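Student: Next up is a structure, given as structure tokens.
Every read-out reported here was derived from the displayed coordinates using simple, explicitly stated rules and does not represent laboratory data. Bear in mind that the values here come from a model prediction, so they are computed numbers and not experimental data. We place every Cβ from the backbone using ideal geometry, glycine too, and count neighbours over all the protein chains shown.
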Amino acid sequence: MADYGVEWREHRRFVLSTMRNFGLGKVTMEQRILEETAFICSHLEKNKDTPINPQVLIHSAASNIICSVLFGTRYEYEDKVLSFIVNSFKENAEVANSAWAVIYDTLPMLRSLPLPFQKVFKNYDALKKHTRGIVAEHKQTRVPGEPRDVIDCYLDEMEKRGTMGSCLDEERLVMLLLDLHFAGTDTSSNTLLTAFLYLTTYRDAQVLCQQEIDSVLGERPDVSYNDRHQMPFVMATIHEIQRLANIAPLGVFHAATRSTSLMGYHIPQDTLVITNLTSVLYDESQWERPFEFYPAHFLNNRGEFVKPEAFLAFSAGPRVCLGEALARMELFLILVTLLHHFHFVWPRNSSKPDLTPVFGGIQAPKPFFLEVHPRKRKRRIMAQ
């Protein structure tokens, strides 16, 4: 676990600054997301009116968006490299979210045995090798002072600082890239999949979202992130999906930096602190219908979007999610675009959907199939 020391602060400051420079919250980031969304639309168009499992598609799209920022790269959905990345992240998450993670932490003598977490180590080593290769390629092709992505920015900063008094080095860069790549892929994709699950189950909410989107966009093909201010019900629906998805129920683990007391309890220095975000997101004293899908949780009596203080989907404090702004933009732009162009329905004779997620450090919806039907009155967008 990283502490709150110089290295942690230096790298967090670097990431926030670099993400801003590459358009986080700006038009350029919108363009990256909308370009990837066009490829999603093209894929859905090709598979319309037939049951599909959206899991691989959405994980691949989320990975491509963060790849464009980190590496300046986009992969075709059929690309073997992208499949390797997505499958490795998926397999590692499954083991990390299982009882094997607890066994690994509590019984270190078992770590060398051929148990499931050996697969995690193998995947992680392969991902590190792949990422080191990308960094090496950037070192050969970069133009100092003209960064194309996060890697170039980091290498520029390393050169500027030299070796004196800096925590930046190539191995830390590789680890940083892996952390950001995994976080930017797994959480966003699972939230989007949960959105499909709920919007397909609650068709009335899907229809209301589409009506609001139509009224704002009309025949305009592309949504803008600024359109969110005119779409209170869409925003309420997205936030309610995030609340129920509860993607990271335990947040990021913390530790007490010094001994302290809280509500009569003595907490020694270095005590592991695990937040229970579920207790806030499902608090019966904070939410009118905490265990139901109820977008009105985020609307006032005038129908305006409001965000209660109890909404802590991205955690809080110094370690609040680094990618919060990117995730918000992704969710809005992708969902609005897809709802503008498609209906999402359950396949005929499908069983009742299971809304209970697969529990873990990162929660994910159970695999499901749905059908995508183009909205005929809308101009369809296709990725060229």
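Student: Over segment 6-374, what number does the Rg to Rh ratio reach, with both radii from the alpha-carbon atoms and Rh per Kirkwood?
Tutor: Checking Rg against Rh, the ratio lands at 0.97.
Student: By the gyration tensor of its Cα atoms, with a ≥ b ≥ c the square roots of the eigenvalues, what is the shape of segment 68-212: rounded for a/c under 1.5, prolate for a/b over b/c, or oblate?
Tutor: The shape class here is oblate.
Student: In addition: What ³J(HN,Hα) values, in whole Hz, does the Karplus curve 6.51 cos²θ - 1.76 cosθ + 1.60 give for segment 149-156 when θ = phi - 60°, with x put for Gly and Pro?
Tutor: 6, 5, 4, 4, 4, 5, 5, 4
Student: So what's the gap between the Cα centers of segment 33-98 and segment 343-361, to the nearest angstrom?
Tutor: Their Cα centres are 20 Å away from one another.
Student: So the label point goes 7 Å from the Cα of GLU78 along Cα→C-beta, right? Which residues of segment 29-54 then have their backbone N under 14 Å from it?
Tutor: Taking a point 7 Å out along Cα→Cβ of GLU78, the residues of segment 29-54 whose backbone N falls under 14 Å are 43, 46-47.
Student: Considering only C-alpha atoms, what is the centroid distance from segment 140-206 to segment 227-251, in Å?
Tutor: 22 Å
Student: Please name which of SER279, PHE369, MET175 has its Cα lying farthest along the dipole of segment 6-374 towards the positive end, using unit charges on Cβ (Lys, Arg +1; Asp, Glu -1) and the Cα centre as origin.
Tutor: MET175
Student: A further question on this structure: Take the residue pairs LYS129/LYS366; LYS80/LYS122; LYS46/LYS376; LYS90/LYS366 and return only those whose Cα atoms are more than 21 Å apart.
Tutor: On the way: LYS129/LYS366 31 Å; LYS80/LYS122 17 Å; LYS46/LYS376 15 Å; LYS90/LYS366 13 Å.
As for pairs spanning more than 21 Å Cα to Cα, those are LYS129/LYS366.
Student: So which trypsin sites (Lys or Arg not before Pro) in segment 267-374 are both in a DSSP loop and have at most 15 other Cβ atoms within 10 Å of their Cβ?
Tutor: ARG302, ARG348
Student: On to the next question. Once you put a point 7 Å from the Cα of TYR124 and another 7 Å from the Cα of LEU208, both along the Cβ direction, what distance in nm separates them?
Tutor: Distance between label points: 4.4 nm.
Student: Under unit Cβ charges (Lys, Arg +1; Asp, Glu -1), what dipole magnitude, rounded to 20 debye, does the chain have relative to its Cα centre? Write out the running numbers ahead of the final one.
Tutor: Details: 42 positive and 45 negative charges, 102 e Å.
About 500 debye.
Student: Could you work out the local net charge near LEU155, counting Lys and Arg as +1, Asp and Glu as -1, over the other residues with Cβ closer than 15 Å to its Cβ?
Tutor: It works out to a net charge of -3.
Student: Each residue of segment 128-137 in turn: what ³J(HN,Hα) in whole Hz from Karplus with 6.51, -1.76, 1.60 and θ = phi - 60°, glycine and Pro shown as x?
Tutor: After applying 6.51 cos²θ - 1.76 cosθ + 1.60, I find 5, 4, 4, 5, 4, x, 5, 4, 4, 5 Hz.
Student: Continuing with the same structure: For the residue pair LEU262 and ALA296, what label-to-label distance in nm results when each label sits 7 Å from Cα along the Cα-to-beta-carbon direction?
Tutor: 3.5 nm
Student: A further question on this structure: As a test of the formula, what do you get for the chain when each DSSP H run with n ≥ 4 contributes -39,500 (n - 2.57) and the sum is divided by the residue count, at 222 nm and rounded to the nearest 500 deg cm²/dmol?
Tutor: The per-residue figure over the chain is -17000 deg cm²/dmol.
Student: Moving on. Would you mind ranking MET175, MET109 so that the residue whose beta carbon has the fewest other beta carbons within 10 Å leads the list?
Tutor: Lowest count first: MET109, MET175.
Student: Please arrange LEU335, LEU113 by counting, for each residue, the other beta carbons lying within 10 Å of its beta carbon, fewest first.
Tutor: Neighbour counts put them in this order, fewest first: LEU113, LEU335.
Student: Given a cut-off of under 8 Å on Cα pairs at least six residues apart, what relative contact order in percent is computed for the chain? Show your work: numbers first, answer last.
Tutor: Working: 481 pairs, mean separation 94.2, N = 384.
Once normalised by length, the contact order is 25 percent.
Student: Hey, another quick one. Would you mind ranking ASP204, ASP49, ASP222 so that the residue whose beta carbon has the fewest other beta carbons within 10 Å leads the list? Display every interim value, and only then the final one.
Tutor: Working: ASP204 7, ASP49 10, ASP222 16.
By the 10 Å Cβ count, ascending: ASP204, ASP49, ASP222.
Student: Between exposed GluC sites (Glu not before Pro) in the chain, where DSSP calls loop and at most 14 other Cβ atoms lie within 10 Å, what's the longest gap?
Tutor: Details: sites that count: GLU76, GLU78, GLU219, GLU284, GLU288, GLU292, GLU304, GLU309.
Counting only loop sites that pass the neighbour cut-off, the longest clear stretch is 79-218.
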